[in-house]
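Read through the structure below, which is laid out as structure tokens, and then see the notes.
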Amino acid sequence: MITAAGYIAAILIGISLGLIGGGGSILTIPVLVYLFGVQPLLATGYSLFIVGSTSLVGAIKHYRKGNVNIKTALAFSIVSTITVLATRKFLLHIIPDQLFNMGNYVVTKSLMTMILFAVVMIIAATKMIMGEQPADCPECATKLQPGKIIYSGTGIGLLTGLLGAGGGFLIIPALIFLFRLSVKQAIGTSLLIIAINNLLGFTGDIFHTQVNWALLLSVTALAIAGIFIGAKVGEQVKGEKLKKGFGWFVLVMGIYIIIRETTGL
């Protein structure tokens with residue numbers, strides 16, 4: 001029963017990516033951990049492959065419609081991908097499994113991973129819900145903005161490497177509020193950045209991780225099917241509604257993860 005729910009959720013992962021250009025990891029990691037019984041640290045690596053592969057398919061669809069800013073995506077990806085690879089190779093594996101004790105309660109790396117993930121989600125969600133979308137700036141999108149690319153790309157790369165999160169829930173706000181892309185173009189550009197970051201990040205895991213390819217490929221295939229559904233629905237929805245809907249979705253998931261991890265529900 002749980003496994004069947006997991007496969008249904010895999011389709012929702014793709015729908016989320018197709019509809020709002022993010023949220024895939026927000027669903028993927030809880031699905032892998034809670035429905036398929038994958039350990040949180042391993043789930044971060046699996047998430048990179050599932051979300052990266054699905055996002056690549058979505059990015060190709062958006063590119064054909066002119067909704068991908070290639071220059072911004074490539075510059076952003078160079079910075080964030082280097083950070084992802086460095087994080088997963090040098091930082092992730094030196095963090096101890098047991099971090100510290102709070103009385104009789106042991107705070108583990110897995111628990112902290114999920115809590116950190118949820119806190120970042122809630123912060124990003126608040127920005128998407130409360131923040132006013134700036135006016136589109138076509139000329140801003142045609143020129144590189146090195147300072148913004150370096151600090152936003154590094155921050156998102158660090159989180160992607162540590163948490164296995166594609167970063168769409170942070171990349172999209174950054175593209176909208178920092179680079180002033182339209183919502184639809186931010187979605188398409190985000191998918192390409194996520195695809196590059198995640199797939200290259202996953203290559204660093206292959207050599208030191210025992211991969212369950214049957215599970216990984218089956219979930220990925222269903223997620224790819226879902227992205228076509230999400231993209232079709234997204235064509236009918238206004239950008240501002242997508243932005244706020246995305247924010248509420250991320251907020252609910254973040255609160256759920258904190259409750260689940262701290263209460264054991």
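The values are calculated or read from the model by the stated rules, or taken from the named source; none is laboratory data. Since this is a predicted model, take the numbers as computed values, not measurements. For neighbour counting, all protein chains shown are included, and Cβ atoms are generated from backbone atoms with ideal geometry for every residue, glycine included. Surface accessibility is based on the protein's heavy atoms, side chains included, excluding ligands, DNA and RNA. Shrake-Rupley method; radii C 1.70, N 1.55, O 1.52, S 1.80 Å.
Given an 8 Å cut-off on Cα distances and at least 6 residues of separation, report the relative contact order of the chain as a percent. List each step's numbers first, then the result.
Working: 433 pairs, mean separation 105.8, N = 265.
Relative contact order comes out at 40 percent.
Report the far tail of the P(r) of the range 74-132, meaning the percent of Cα-Cα pairs longer than 14 Å. Show your work: numbers first, answer last.
Values: 1230 of 1711 pairs.
Pairs farther apart than 14 Å: 72 percent.
Since only 230, 85, 249 are under comparison, the one whose Cα sits farthest along the positive direction of the charge dipole of the chain, derived from C-beta charges on Lys, Arg, Asp and Glu, is 230. Computed with every protein chain present, the accessible area of residue 122 is close to 50 Å² [probe 1.4 Å]. Cross-linked pairs 61/89; 61/109; 148/244; 148/184: Cα-Cα separations exceed 26 Å for 61/89; 61/109.
Based on Cβ point charges of +1 for Lys and Arg and -1 for Asp and Glu, what charge dipole magnitude is obtained for the chain about its Cα centre, in debye rounded to the nearest 20? The partial results should precede the final answer.
Numbers: 18 positive and 8 negative charges, 113 e Å.
The calculated dipole for the chain is roughly 540 debye.
With every protein chain left in place, what is the accessible area per residue of the range 150-241 in square angstrom, probe 1.4 Å?
Details: 3540 Å² over 92 residues.
With the other protein chains kept in place, the range 150-241 gives 38 Å² per residue.
Heavy atoms only, 1.4 Å probe, whole protein assembly: order 95, 156 by accessible area, highest first.
Details: 95 50, 156 10 Å².
In descending accessible area the options line up as 95, 156.
Counting only protein heavy atoms, what percent of the accessible surface of the chain is carbon or sulfur at a 1.4 Å probe?
On the way: 8320 of 11780 Å².
Carbon-and-sulfur percentage of accessible area, whole number: 71.
How do 202, 36 stack up against each other in accessible area, from largest to smallest, with a 1.4 angstrom probe? Kindly include the intermediate steps, with their values, before the conclusion.
On the way: 202 10, 36 40 Å².
Descending accessible area places them as 36, 202.
Note on the range 145-194 and the range 41-65: Cα centroid distance 14 Å, given to the nearest whole angstrom. Sequence-ordered 3J(HN,Hα) estimates for the range 102-117 from the Karplus curve with 6.51, -1.76 and 1.60 and θ = phi - 60° stand at 10, x, 8, 9, 9, 8, 9, 4, 4, 5, 5, 4, 5, 5, 4, 4 Hz, glycine and proline given as x. Between amide H atoms placed 1.01 Å from N, distances below 5 Å from residue 108 occur with 99, all of them 5 or more places distant or on a separate chain.
Per 0.36 nm of contour for each residue apart, how much would the distance between residue 98 and residue 237 grow if the chain were fully extended, relative to their Cα-Cα spacing?
Difference between extended and current length: 45.5 nm.
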